1. Looking at the stretch 192-217, which of its residues are of a type in the set (Val, Ile, Thr) and buried (at least 17 other Cβ atoms within 10 Å of the Cβ)?
2. Just to be sure, is Ile137 assigned to a helix (DSSP H, G or I), modelled with pLDDT of 95 or more and surrounded by 20 or more Cβ atoms within 10 Å (Cβ to Cβ)?
3. Taking the stretch 81-94 on its own, how many of its residues are assigned to a loop (DSSP other than H, G, I, E, B) and either in contact with a Ser or Thr (Cβ under 9 Å, 6 or more places away or on another chain) or surrounded by 19 or more Cβ atoms within 10 Å (Cβ to Cβ) (or both)?
4. Please give the number of the condition Pro83 fails out of (1) within 20 Å of Tyr200 (Cβ to Cβ); (2) over 20 Å from the mean Cα position of the chain (by Cα); (3) modelled with pLDDT of 95 or more.
5. Between residues in the stretch 114-138 that are more than 14 Å from Glu87 (Cβ to Cβ) and in contact (Cβ under 8 Å) with a residue 60 or more places away in the chain and residues that are assigned to a loop (DSSP other than H, G, I, E, B) and among the charged types (D, E, K, R), which pairs lie under 8 Å by C-beta distance while being six or more apart or on different chains?
6. Report, ordered by the first and then the second residue, all pairs with beta carbons closer than 7 Å, sequence separation of six or more or different chains, a first member in the stretch 183-205 that is within 23 Å of Asn169 (Cα to Cα), and a second member that is charged (D, E, K, R) and at pLDDT 95 or above.
7. Considering only residues that are loosely packed, with under 14 Cβ neighbours inside 10 Å, small (Gly, Ala, Ser) and either farther than 21 Å from Glu222 by Cβ or touching a Ser or Thr at 6+ places or on another chain (Cβ under 8 Å) (or both), which ones fall in the stretch 108-129?
8. Answer with yes or no whether Glu136 is of a type in the set (Asp, Glu) and within 25 Å of Lys41 (Cβ to Cβ).
Amino acid sequence: MVEEKLYTDYLQIVKSFRKYLEKKQGIVKKEDNLEKKSPEKLLKALYRSMQNCRKCSLFKKRTHLVFGEGNPKAKLMLVGEAPGRNEDLQGKPFVGAAGKILTEALKRFNIPVSQIYIANVLKCRPPANRDPYPEEIETCLPYLKKQIEIINPCLICTLGKFATQVLLNTNQGITFLRGKRQYYKNIILVPTFHPAACIYKPNWKKLFFEDMEIIGKILKSEF
């Protein structure tokens, strides 16, 4: 009787320990899966998939592919047109004169850089900073859409005509759309001028700052 009881107790202990191990392993596996699916890892995987892209002719003269930069879980995503000369040289978005104007606006309206991710429609610089060709946009757009899907921001600010028209699928001009709340799928989108345009049209800088103030207010009041 004593031996049978000991044996029964032993089986119960083994069974309990097995359940404990299975539960622990299940938690680890779940955490591993979540880690694999983190925005940071997904963005890195997306970058690796396109870092040697040759789908259009822009690869021939690029120095660096400019993928994007910022918080993978950003509340605000800024989307520009294409890299310029400085961006191409450094492989980072908005590091030239346009970047200084953008940084000035972000500081003025207390929009934390830690909440931002910046990318462009095109990942390679068009020669002499010309406008993107339709076939270049068509080739590169899926990568931008995937970035937006991964980051899933609360708010998108499109900088300039091309980014705005592409994401809103419209032919309306930026002077008409700027500062007005729109939607990309279920994400709030507010268009404004590209900071580079403010260099060539100084009177636009005031309007650009007005739009960035709207962005700041939306972030503070709604998110």
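1. Scanning the stretch 192-217 gives Thr192, Ile214, Ile215.
2. yes
3. The qualifying residues number 7.
4. Result: Pro83 passes all but (2).
5. Final answer for the pair search is Gln115/Lys75.
6. Ile188/Arg181; Val190/Arg181; Val190/Asp211; Pro191/Arg178; Thr192/Arg178; Thr192/Asp211; Phe193/Arg178; His194/Glu81
7. Within the stretch 108-129, just Ala128 meets the criteria.
8. Here the answer is no, as Glu136 does not meet what is asked.
The values are calculated or read from the model by the stated rules, or taken from the named source; none is laboratory data. Just so it is clear, the model here is predicted, and its values are computed rather than measured. Glycine also receives a Cβ, built like all others from the backbone with ideal geometry; neighbour counts cover every protein chain displayed.
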